[in-house]
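For reference, the structure is listed below as structure tokens.
The numbers here are math on the coordinates, done by the rules we state, and not lab data. None of the values given here were measured: they were computed from a predicted structure. Here the Cβ is made from the backbone with ideal geometry for all residues, glycine too, and neighbour counts use every protein chain on show.
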């Protein structure tokens, strides 16, 4: 099995959505993000039985502790019209998304990650 086939197989194991024409580099990024998330969910703190799901409004996803932090969000630019948290976003609008929502919309080519250059 070649590297691409192994990468696609791992992506399917992790339930990573991707288009057939995605570059190896982008697919590797998504697999890495999904593996990191899986690792975090296995080793992350539980919510102490408080019933707090940490719901941020993103399809009931939790973030393993009920806390919302900037580290959990990815700054993106909207490429095509999307509705998120009850708001409509059009092309060029900035939006911060959790990893799951970002990966889903990225796979649909609805958003692109904002390149932030710290030197400027």
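Points to keep in mind about this one:
- Computed FRET value (nearest 0.05) for residue 25 with residue 93, which takes r as the C-beta separation and R₀ as 22 Å: 0.25
- FRET efficiency estimate (nearest 0.05) - Cβ-Cβ, residue 41 to residue 1, R0 30 angstrom: 0.65
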